[in-house]
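For reference, the structure discussed in these notes is given below.
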Amino acid sequence: MNDVTSIANGDPWVDTANGTVSREIFVSEDVFCLELDRIFHRLWIFLAHETEIPNRGDYVVRTMGRVPVIVVREASGEVRVLLNSCRHRGTKLCRGEAGNARHFVCPYHGWSYALDGGLISTSYDEHLPADMDKADWGLVPAPKVESYKGLVFAAWDPGVSQLRDYLGDIAWYLDTLFWRTPGGMEVLAPPHRWRARANWKIGSLNFIGDGQHVATTHAGPSTLNRLHSKKAGFFVRGGESFQVVTDEGHGCTLTYLAPGMPEGNYLTHPPALRDAYAEVLSARQISMMHHLRVMVGNVFPNLSFIENQVALGEKAVLIRQWQPISGTETEVLSWVLAEREASAEYKDRALKHGFHNFGAGGVFEQDDLELWASATQASDNPIAQRFPFSFHSSLPFDSAPIENARGPGRAYKPSNTEVAQLAFMRRWDAAMQPGD
Amino acid sequence: MDDERGIATVSDAAFLEVQRLLNREAALLDRRDYAAWFDLLTEDVKYVVTARVSRPAETGPLDYAIIDEDADTLRLRVLQIGDPKLTRAENPPTLTRRFVSNLEVEAAGPPNDYAAHTNLLVYRQRGTAPDGDFYAGRRRDLLRRDRGSLRIADRLVRLDHNVLFDGSLSIVL
Amino acid sequence: MDDIVRSAPSRSWVDAANGTVEREAFVGEDVFRLELDRIFHRLWIFLAHDSEIPDRGDYVVRTMGRVPVIVVRGSDGEVRVLLNSCRHRGTKLCRGEAGNARNFVCRYHGWSYAIDGGLITTSYDEHLPPGMDKADWGLVPAPRVETYRGLIFAAWDPGVPELRDYLGDMAWYLDALFWRTPEGMEALAPPHRWRTRANWKIGALNFIGDSQHVRTTHAGPIALDKVRSEKDGFYVQGGESFQVVTDEGHGCTLTYLAPGMPERNYLTHPPGLRGAYADTLSADQLAMLRHLRVMVGNVFPNFSFIESQVALGEKAVIIRQWQPLSGTEMEVLSWVLAEREAAAGYKDRALKHGFHNFGAAGVFEQDDLELWASATQASDNPIARRFPYSFHSSLPFDHAPMENAKGPGRAFQPSNTEVAQFAFMRRWDAAMRPLA
């Protein structure tokens, strides 16, 4: 596997000096296998939101790379991440996508496990040899499981840093999306799921900072939303905009309101809750939110988020996961969230608005997918792979961060360059090196 | 969400009227004639498509909306996919063929309003993908007499899918 | 992909001395990948007929091995073959199968290209570094594109010989099919396209010289055509028949009219045009055409052609491309052509006759496909692979070309041996050997 990095023509995958990235890494099965090894079966991977499993025994079934896991709230109230595979013959303990369990019973031969993974019984304990210690044969737990502001992550490498340290400066921005009120956020429905015939990294790149594609790809909803909003008497125009890059290849793009629209967008937040923001957010965070129109970003490798609004009262916070299936296929999960304390009616609007735009039938989503699939197909041959992708429009800006008055991280202007995308690719490249 | 009670029979005339409406509707959608299609809807139409979380049989499956539109947002959706300049997913257009079958009609509230239950199978081939695929589901339509004709006032499509297999849904079901 | 090529043993699948070919060559995925590299991404590959893109900006979308290309007529009238993939992030520029474009605009981020491939704008040119030369970032052109008698070919290896030299003696026969009249031929409809679960080489072998299969496989249409034609009072009986093999593994099978049917078949050619043949064809070519009942052949690797007729006024020129998808699947493209100058009524008849027999629902086609698929399936296992295919019936004839053939190339009699098929396999085997 390791000799895959020495690719045929000897060119690097990510050429930061020239601003190009090999197409091979967006299609190759060998690269995908290496990604599993170096990234998905090792680093912090987002799995679920705490509110998906509020009660003891609640679980959701998710995947980390190719590893199926159960994310369960065990009796103590702690969240555990367990390999979804019986220690006896490998059967999946949970074969649905979600549920509530008192314990996990394997339907094959009857091994049963407690919610914390401990083996209760093999059903034939009397046949076990004396030296088999049942404590060694519980469900395999992910060695690292941590939550940040309701976002549950796990990692299979016990040596990864603390989640809070891994998130670094991006945590400041995550706070403003995921913990604005004392109650925090709440997932409003199960995640939408769909398959895309495209590499997972295209999704991450699209969210971390792809201001260039909006006008072209999303001509439809961009045009129609504007008309629709004007009819409704209010269109939220964007003004100043920039990208933020933090350590570990995380990043986001922020677009503020156009001058002359002071706080207009802020009004789309749940009215009764705006005051509560001050209880959990810093003055600086609130100041940013007051002026914010869109925040969209990515936590390395495959957790994306967006809050976007066009019309008064129409906004939602979305989480996206780009779950790799192969070099050329991705399963996308998409959650809609709102503040826990918001009214039922507000949540209902947020949910509808969220998936009208970004769900399995999303008017933004459908056009991206069509183009990503065609990019993947067209790049999946050796002739195309002689010609790397262009990330040129990062280079003139890459080494010149601007003063970011409103938040941490390195900020860059304008926002329609590819600085954040190249930062993601650099981090990816480092993660793929044997010594990283 | 499963609102199918015992289906009360209606007259053959009413059954035929409903069948004609649904057949015509499917033909308009297959032809991508969204303007004419929109005219078959009431002005306060609701359009909901759900997918499904598979859960243990004891709990039962959970349906959740992937599309939940009123007339306003539905119009936006259709304006987008019907205009070659505004859509990428539907340019080149996907080929679709709708099969609407197993019709059962029941009286619903006011006289001459009906609930129609059908099975839906939509074959779709993307302009860019070599393989066609299918959406399958159960459809429940509330039909109301409005502006002189029977029109669709409320549609619920319960898809038999938990993962949509080929990207996001860019057609009307 | 290149790794496989490097590591591939310089082995042979063709046993020239014993007249056998290993089944692995017809099912193996490794063999398929090697074929892509050594054949489809390198040699001359047929792509389209000139008449499919008559006007400036007309294009069709085709595939060379796994490489998606646009075949477009430029503003200068020249045909170009461009990699159908944006240089920025790989999106397909043309996502339909055919059309007319003034320029190619990528719908993802808005890069736009002239129809000759030159990059016009990235939409964000102001963000590009000074070192990036837009002239280097046009759509990738196939380095070699040439047309012979309306047949457009391209190659990705810039070092391939001139197309005319590559076609060699086969050109003489192609002339008789594709350039009989001063205006040449015309594709009467878009190509039929279908998928078959069979290796592409079975198609090429079937056309280059497989007289043994005709009576068995096509018992149905032959019996029925005969009955029908006799009812109509005219059945074109075949007489002398032989195979022709030329350099580069091209070849064809010719069947002349039975004695006593002089030139009757020639009458099925468009009546007003027969006189015009002499304007473009040589006396030798005309003499052949006058006595010809069937010509069927293949240009290495995957371009086949046939002109066949059974009854008066029922004939068509068909071209065929066997486009490989994997070791065990191909897409078949099938065009029907007629002389440009022919009457509309004649063209209409030719088109109907052409796809009645050889289209996506062709009465000949359907029986071939069924048998090819079963051959592929039955060979795709290690037990079957121990037992090579028999090409024995080429050996006794291989070294004894006949004299007094009517055209160039090496001719062999009788026609129901496997000389031409084995010549194809030997050429294939040579192409698969490691490059010097």
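Take A:ARG89 and tell me if it is over 20 Å from B:ARG55 (Cα atoms) and among the basic types (Lys, Arg). Spelling it out, A:ARG89 is indeed over 20 Å from B:ARG55 (Cα atoms) and among the basic types (Lys, Arg).
Close Cβ contacts (under 8 Å, 6 or more residues apart or on different chains) running from residues in region C:312-340 that are at positive phi and modelled with pLDDT under 95 to residues that are assigned to a loop (DSSP other than H, G, I, E, B) and not aromatic (Phe, Trp, Tyr) are absent. Restrict the check to region B:86-104 and report whether at least one residue is charged (D, E, K, R), farther than 21 Å from B:TYR64 by Cβ and within 14 Å of chain A (Cβ to nearest Cβ). Within region B:86-104 (the criterion being charged (D, E, K, R), farther than 21 Å from B:TYR64 by Cβ and within 14 Å of chain A (Cβ to nearest Cβ)), the answer is yes, since at least one residue qualifies.
Listed here are the residues, each with its yes/no results for (1) surrounded by fewer than 17 Cβ atoms within 10 Å (Cβ to Cβ); (2) modelled with pLDDT of 95 or more.
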{"site": "A:GLU35", "(1), (2)": "no, yes"}
{"site": "A:PHE46", "(1), (2)": "no, yes"}
{"site": "A:VAL72", "(1), (2)": "no, yes"}
{"site": "A:GLY77", "(1), (2)": "yes, no"}
{"site": "A:CYS86", "(1), (2)": "no, yes"}
{"site": "A:CYS94", "(1), (2)": "no, no"}
{"site": "A:LEU115", "(1), (2)": "no, yes"}
{"site": "A:SER123", "(1), (2)": "yes, no"}
{"site": "A:LEU128", "(1), (2)": "yes, no"}
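Here the condition is being closer than 30 Å to A:GLU186 by Cα and in the same structural domain as A:LYS134 (by TED's automatic domain parsing); of A:HIS49, A:HIS88, it holds for A:HIS49 alone.
Residues that are over 24 Å from C:THR328 (Cα atoms) and either under 16 Å from the mean Cα position of the chain (by Cα) or within 14 Å of chain A (Cβ to nearest Cβ) (or both) number at least 1 in the following strands (runs of 3 or more DSSP E) confined to region C:36-88: C:45-49, C:67-73, C:79-83.
For region C:146-166, a tally of residues being within 14 Å of chain A (Cβ to nearest Cβ) and in contact (Cβ under 8 Å) with a residue 40 or more places away in the chain returns 4. Those residues that are in a loop (DSSP other than H, G, I, E, B) and touching a Lys or Arg at 6+ places or on another chain (Cβ under 8 Å), I need them from region A:80-98; list them, please. A:ASN84, A:SER85, A:CYS86, A:GLY96, A:GLU97, listed by residue number. Taken over region C:93-112, the residue count meeting the criterion of being under 25 Å from the mean Cα position of the chain (by Cα) and assigned to a loop (DSSP other than H, G, I, E, B) is 4. Name the residues in region C:127-143 that are within 9 Å of chain A (Cβ to nearest Cβ) and more than 29 Å from the chain's Cα centre (by Cα), would you? Across region C:127-143, the qualifying residues are C:HIS127, C:LEU128, C:PRO129, C:PRO130, C:GLY131, C:MET132, C:TRP137.
In region A:302-313 there is at least one residue matching the filter, namely being more than 10 Å from every other protein chain (Cβ to nearest Cβ) and acidic (Asp, Glu). Has region B:110-118 got at least one residue that is hydrophobic (A, V, I, L, M, F, W, C), out of contact with any helix residue (DSSP H, G or I) (no Cβ under 6 Å at 6 or more places or on another chain) and at the interface with chain A (Cβ under 10 Å from one of its Cβ atoms)? No, region B:110-118 has no match at all.
Listed conditions (1) assigned to a helix (DSSP H, G or I); (2) at pLDDT 95 or above; (3) β-branched (Val, Ile, Thr) are all met by A:ILE319, apart from (1). Here is the figure for region A:113-169: residues that are of a type in the set (Lys, Arg) and more than 19 Å from A:ILE45 (Cα to Cα) total 1. Against the condition of a type in the set (Ser, Thr, Tyr), under 15 Å from B:LEU169 (Cα atoms) and away from chain A (no Cβ under 14 Å), how does B:TYR123 come out, does it pass? When the stated conditions are applied, B:TYR123 passes them. Across region B:145-157, the number of residues qualifying as of a type in the set (Lys, Arg) and modelled with pLDDT under 95 comes to 2. Just to be sure I understand the filter: pairs with C-beta atoms under 7 Å, separated by 6 or more residues or on different chains, first member in region A:143-169 and of a type in the set (Ser, Thr, Tyr), second member assigned to a loop (DSSP other than H, G, I, E, B). Which pairs pass? Matching pairs, first to second residue: A:TYR166/A:TRP44; A:TYR166/A:VAL160.
Which condition number in (1) crowded, with 24+ Cβ neighbours inside 10 Å; (2) more than 8 Å from every other protein chain (Cβ to nearest Cβ); (3) of a type in the set (Val, Ile, Thr) is the one that A:ILE402 fails? The single condition A:ILE402 does not satisfy is (1). For region C:401-423, the set of residues classified as aliphatic (A, V, I, L, M) and assigned to a loop (DSSP other than H, G, I, E, B) consists of C:MET402, C:ALA405, listed by residue number.
Looking at A:ALA342, A:ALA384, just one residue is within 14 Å of chain C (Cβ to nearest Cβ) and of a type in the set (Gly, Ala, Ser), and that residue is A:ALA384.
Considering only region C:224-275, state which residues are outside any helix (DSSP H, G or I), modelled with pLDDT of 75 or more and of a type in the set (A, V, I, L, M, F, W, C). Hits for region C:224-275 are C:PHE242, C:VAL244, C:VAL245, C:CYS252, C:LEU254, C:LEU257, C:ALA258. A:VAL363 meets the conditions (1) among the hydrophobic types (A, V, I, L, M, F, W, C); (2) in contact (Cβ under 8 Å) with a residue 40 or more places away in the chain; (3) more than 15 Å from A:ALA189 (Cβ to Cβ); (4) not in a loop (DSSP other than H, G, I, E, B) in every case but one. The failed one is (4). Return the residue satisfying two criteria in turn: it lies in region C:173-220 and is of a type in the set (Ser, Thr, Tyr) and surrounded by 18 or more Cβ atoms within 10 Å (Cβ to Cβ), and of such residues it is modelled with the highest pLDDT. The selected residue is C:TYR173. Of the candidates B:ASP166, B:ASP83, B:ASP70, the single residue that is within 13 Å of chain A (Cβ to nearest Cβ) and out of contact with any Phe, Trp or Tyr (no Cβ under 9 Å at 6 or more places or on another chain) is B:ASP83.
The values are calculated or read from the model by the stated rules, or taken from the named source; none is laboratory data. Predicted model, so just to flag it, every value in this text is computed and none were measured. Using ideal geometry, Cβ is built from the backbone for each residue, glycine included, and neighbour counts are taken over all protein chains shown.
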